[in-house]
Amino acid sequence: MSWSKLKKGYIVFFDDSEIFNFISNDFIKVTIVSIKKDKIIKDFLDMYNFFEHYIIDKNNSFSNILQSVIENRPIKNIKLIEDKINKSIADILLKNKPIKQKLTNGEEIALDIRNKVYNHMDGDIRIDKLAREYKVCEQTIQNSFKSLYGFTPKKFLNILKLNLVHRDLKESYSSNTTVSNIAYKWGFMHLGRLSQNYKELFNENPSDTLKKEYIKDDRITKLCVSRQEELI
């Protein structure tokens, strides 16, 4: 499941037994609450297949409950909190029919592009080639990425690569690799520009990430890539 265009007050339903991801901006706090299916009112399960749908918490009743839980930790009565959460969702569902997320054709294309390149950042990713592949103009892709993710395609895909650099730095040892080796692997030829963008995103220099002691998990599957091309 992929969810985009999150807004304040949205309550999104998804099946957390499956892989999911979502996108929001820094101005929105997101809280994930897991509820067993048998705790949800059976009538609603029969009436709606409301996974990947959303409702709007117009009166902030659900948000206020979550805020109260966050501010009053540790939780002393989990059962009471569960009952409040379930009742709040039930009350909102009684008054609001779940809505299916709607994307424009261009946004569907932008989502498909993201899914296609997410684990395959190798190769020459060019917007003009993508436009020809999807039979749309470049401006459609530009506008759709801005609408869906808040960034241009180049900026958005560059952030994905910066995250891959961050992951590799965390999983590596300074004794057997360097920042430049990992940067070149992901197609960053200008180390100064990489460091600047990296610090803006992660609030530290790449070399600091590499030096930190993280739990190294050799079982993590590596992407089978030896060299990536820089985005154009």
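Structure notes:
- Every listed requirement among (1) in the same structural domain as D57 (by TED's automatic domain parsing); (2) loosely packed, with under 14 Cβ neighbours inside 10 Å is met by D112 save one, (1).
- Criterion violated by Q139 - all others in (1) in contact with a helix residue (DSSP H, G or I) (Cβ under 7 Å, 6 or more places away or on another chain); (2) farther than 20 Å from Y10 by Cβ satisfied: (1)
- Positions within region 36-68 being in a helix (DSSP H, G or I), modelled with pLDDT under 80 and surrounded by 14 or more Cβ atoms within 10 Å (Cβ to Cβ), in sequence order: F44
- For region 168-178, the criterion of being surrounded by 19 or more Cβ atoms within 10 Å (Cβ to Cβ), free of Cβ contacts under 8 Å to residues at least 24 places away in the same chain and not in a loop (DSSP other than H, G, I, E, B) is met by at least one residue.
- If the condition is being buried (at least 17 other Cβ atoms within 10 Å of the Cβ) and either among the acidic types (D, E) or in contact with a Ser or Thr (Cβ under 8 Å, 6 or more places away or on another chain) (or both), then region 123-148 contributes A131, Q142, S144, F145, L148.
- Residue check for I99: of a type in the set (A, V, I, L, M) and out of contact with any helix residue (DSSP H, G or I) (no Cβ under 7 Å at 6 or more places or on another chain): yes
- Residue satisfying all of: in region 184-209; in contact with a Phe, Trp or Tyr (Cβ under 8 Å, 6 or more places away or on another chain) and part of a helix (DSSP H, G or I); nearest to E171 (Cα to Cα) among these: T209
The values are calculated or read from the model by the stated rules, or taken from the named source; none is laboratory data. Note that this is a predicted model, so its numbers are computed, not measured. Glycine gets a Cβ as well: all are built from the backbone with ideal geometry, and neighbour counts include every protein chain shown.
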